[in-house]
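Below: one structure, written as structure tokens.
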Amino acid sequence: MNRDKEMITYQQFFFLIIQTQLGVGVLSLPYVMHNSVHSDGWISVLLAGLLLQGVLFVYFMLFKRFKSRNILDIAGLLFGKKIGKLITLFYILYFISVGSLILVLYARIVDRWILPHTPNWVICALLVVAGIYLSVDGLKILARFYTLVTPLVILVVLLVSYTLKDANIYYIFPIGQAGIKNIVIGSKDAVLSMLGFEIILLTFPMVSGTNRQKFKAVSFANLFITILYTYLVVVSFIYFSPEEIKILPEPLLYILKSYTFKIIERTDLLFLSIWIFLVFTSFGSYLFLAAKTGSKLFYKIKHRRLVYYFAFIIFGISFLPEFDIQFIDYMSSYIPKTSFIFILFPSFMLIVSFLFKKSEQGCEANDSNS
Amino acid sequence: MIRILKISIPALVTTLLLSACWDQHLLKDVKLFMAASFDLTPDGKILDELTSPIINKDQGGGTVKGHTVTSGIGNTPREARWDIDRKTDKIFEASKLRVLIIGDELARKDLYSVLDLFYRDPKSSLSAKVVIAEGMAKDLLRLKTEEEKISSYLFDLLESQEIASLIPEENIQSICAEMFDPGEDFVLPYLRAAEDGKTASAEGVALFNERKFTGRVLTGDEAVIFLLLDGNAGKSPKFTKKIVESETDNFMPQNFVSFNVKKAKETLEVKVKRQRVIANINLSLKIEITYYPRNQLYKKQEIAKLNKKLSEMLTNDAVAAIKVLQEANSDSFGIGRMLIAHYPDYWKQVDWKKEYVNVAIIPHVELEIIGHGIIE
């Protein structure tokens, strides 16, 4: 494949990251944060952003040592081909399962809020078909589309901000009531809501620009998401009283339900339609990632084909909750937990590369020697 | 051929899927109700009444031709709604609800249990106004008004009185946060149906304690000053005050002054001193005189005198309103919330519902005349 065709600019890289991060979770983020840290949830989100910056720095160090390689190549170099393949397989499974989790959660919310009578498989199928269409043509198309839809985020912020006129700031006081320990533990949940930055691991070498510029783009994306999430959490916390938010699984939707404008009767529907774009972009990213990872393992099959196959698998998984409703809870509790392994694994690799003094040049030298 | 198939098959499939035929809501299949009432029957069941407009189906669009009232009884509001559906040809939908009236007996039990079905249903309209009716709520729905639709009559009545600040502007969603909050109580408008069964009148502010109506209502100037103190007032609150005491009860309009509030700013300060809560509410008002037959407003000292006099009178009204609030045990200023925010330790050890009566709530109204119409 032509390499230039696949390269994106570092500005596009920024949009790629934020659109992958913004997704299904954003609607229920205030609820999740309130469950774990009560009214101090927003501090945990800020803290999570800080922690993530550390993780991102580790990624940056790794990519500095191994220029123009993605995480799977590096794994191959560090641990040898066989283990590298095993790691690749795990990453495929991870991306597929996150993709199906997005799909399942998306279907549940759409089913609950707008289309109660439409069968879930139809709702899923529409997203899968659109996702295939988006991710089949490579990273450049993805990045361009994400840049195009990012202004919608402003609309989301504006819609949510409108509710501030009825908010009561005293609902988040006293600050720090949950205790430092809980705030720190709660930041774990906040990190999970920011998942999606793993896309860096695979796409970092596909971005043009210096390492510095790329890292800047990554950091800005992290800053953007952290501020946006904190804002959304704070707005929901000061709009709903602490006792009320406990029974609202999608506070950001509920917040808009009572507002009626001259032309728009139900603002929540408008919000949902924008939100579908955010879900769609995350889903597209994961489908792309799965296929991209897959092409390392099944190098004989084209990217395009892999997208079809993986989309089909993800679609199949989305049927599981139809048989057992419990499955959705298993998925939403286990998949995010295991994701910690996948986002922290690169730091392990960095340590290994330090210990064995392996870097790109060293490895290549070894390869040519042997 | 294959290329045509490649395009046409997805096109066909998506048009089928995207039309979302499973979830279509055709207006011909449902009946929209614009106003609803809930009452408690003597045997402890819920009586639900709905009114929906009758649409004249003639050429050139439908015109409204009066309205129908349907009623149903059940153990829960939902069951009562099903009872109604059994009696009508179409399914009723709450998505266009504008006014929800709760009978006073039912409101005294538990308001949340009535509203639960509205909070739960994604299609319901949470921006509907909630009001408490004196006596049976259904009497308000069955008024024989001059207007075609009772729902718009009630809605407009509420809206105009919200602007005049006699009643608070609340909807189903806006009271929810306060209903769940231990540190704040909500208030609702209170309506009464006239004896002749033709009109309704807004009476004032119905006070709630947690989820229950306390039975106490602030009326007249007390209601207006309460909403001003709460920072919840409408655009132009109005007062008429008697400024000169007279011996006789004769017609003496020159003893009165009327004014509109142009600008209001209130601050609530809550302090805990020696385990005692002190709440200071400062309210500063900028007013415009709308009626003053003594017309001496060109004199500086007359204005100053009037400022002082009216400030005192309104402070007295505020004291009276606060007394009613405390007797009703309704913390609608959110003093408890301020305690949670600023004195969390105190809040943890206090039994707020018992302590609230002992709180010293001190209002202070400062008034300033800034306008007097086009004559002095």
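Against the condition touching a strand residue (DSSP E or B) at 6+ places or on another chain (Cβ under 7 Å) and modelled with pLDDT under 85, how does B:I172 come out, does it pass?
no
Hey, B:I150 hits all of (1) open to solvent by less than 10 Å² (accessible area, probe 1.4 Å); (2) within 14 Å of chain A (Cβ to nearest Cβ) but one; which does it fall short on?
(2)
Could you identify the single residue in A:S187, A:S193, A:S219 that is surrounded by fewer than 22 Cβ atoms within 10 Å (Cβ to Cβ), touching a residue at least 12 places away in the same chain (Cβ under 8 Å) and small (G, A, S)?
None of the others qualify; the one that does is A:S219.
I'd like the full set of residues that are crowded, with 18+ Cβ neighbours inside 10 Å and among the β-branched types (V, I, T), limited to region B:256-271.
Within region B:256-271, B:V257, B:V261, B:V270 meet the criteria.
Mind telling me which of the residues A:K140, A:K181, A:K188 ends up being more than 23 Å from the chain's Cα centre (by Cα), more than 14 Å from chain B (Cβ to nearest Cβ) and farther than 30 Å from B:G231 by Cα?
A:K181
Tell me, please, whether a residue that is over 20 Å from B:S127 (Cα atoms), buried (at least 21 other Cβ atoms within 10 Å of the Cβ) and either more than 14 Å from chain A (Cβ to nearest Cβ) or without any contact (Cβ under 8 Å) to a residue 12 or more places away in the chain (or both) can be found in region B:154-161.
Within region B:154-161, not a single residue is over 20 Å from B:S127 (Cα atoms), buried (at least 21 other Cβ atoms within 10 Å of the Cβ) and either more than 14 Å from chain A (Cβ to nearest Cβ) or without any contact (Cβ under 8 Å) to a residue 12 or more places away in the chain (or both).
Please verify whether region A:315-333 includes one or more residues that are in contact with an Asp or Glu (Cβ under 8 Å, 6 or more places away or on another chain), open to solvent by 20 Å² or more (accessible area, probe 1.4 Å) and under 29 Å from A:D137 (Cα atoms).
no
Suppose we filter region B:16-70 for residues that are exposed (fewer than 12 other Cβ atoms within 10 Å of the Cβ) and at pLDDT 85 or above; how many remain?
Adding up the residues that qualify gives 3.
Among residues belonging to region B:348-372 that are among the charged types (D, E, K, R) and in a helix (DSSP H, G or I), point out the one that is farthest from B:K286 (Cα to Cα).
The qualifying residue farthest from B:K286 (Cα to Cα) is B:K348.
Restricting attention to region B:164-209, and to residues there that are among the acidic types (D, E) and within 14 Å of chain A (Cβ to nearest Cβ), which single residue is nearest to B:A321 (Cα to Cα)?
B:D185
Where residues in region B:289-347 are assigned to a helix (DSSP H, G or I) and among the acidic types (D, E), which of them is nearest to the other protein chains (Cβ to nearest Cβ)?
Here the answer is B:D345.
Those residues that are open to solvent by 20 Å² or more (accessible area, probe 1.4 Å), assigned to a helix (DSSP H, G or I) and within 13 Å of chain B (Cβ to nearest Cβ), I need them from region A:255-272; list them, please.
Hit for region A:255-272 is A:L269, nothing else.
Give just the number: which of (1) more than 14 Å from chain B (Cβ to nearest Cβ); (2) within 24 Å of A:Y334 (Cβ to Cβ) does A:E250 not satisfy?
(1)
Please enumerate the residues belonging to region B:327-360 that are among the polar types (S, T, N, Q), at negative phi and surrounded by 15 or more Cβ atoms within 10 Å (Cβ to Cβ).
B:S330, B:S332
Take the residues in region B:193-250 that are touching a helix residue (DSSP H, G or I) at 6+ places or on another chain (Cβ under 6 Å), assigned to a loop (DSSP other than H, G, I, E, B) and without any contact (Cβ under 8 Å) to a residue 40 or more places away in the chain, then tell me which one is least open to solvent (accessible area, probe 1.4 Å).
Out of the qualifying residues, it is B:S246.
Any idea which of B:S311, B:S332, B:S284 is touching a residue at least 24 places away in the same chain (Cβ under 8 Å) and closer than 30 Å to A:G176 by Cα?
Selected residue: B:S332, the only one of B:S311, B:S332, B:S284 that is touching a residue at least 24 places away in the same chain (Cβ under 8 Å) and closer than 30 Å to A:G176 by Cα.
Being over 23 Å from A:L101 (Cα atoms), touching a residue at least 24 places away in the same chain (Cβ under 8 Å), more than 14 Å from chain B (Cβ to nearest Cβ) and within 22 Å of the chain's Cα centre (by Cα), is that true of even one residue in region A:161-176?
Checked region A:161-176: no residue is over 23 Å from A:L101 (Cα atoms), touching a residue at least 24 places away in the same chain (Cβ under 8 Å), more than 14 Å from chain B (Cβ to nearest Cβ) and within 22 Å of the chain's Cα centre (by Cα).
The values are calculated or read from the model by the stated rules, or taken from the named source; none is laboratory data. Not measured: the values here are computed from a predicted model. Here the Cβ is made from the backbone with ideal geometry for all residues, glycine too, and neighbour counts use every protein chain on show. Remember, those area values only see protein heavy atoms, side chains included, never the ligands or the DNA or RNA. Shrake-Rupley method; radii C 1.70, N 1.55, O 1.52, S 1.80 Å.
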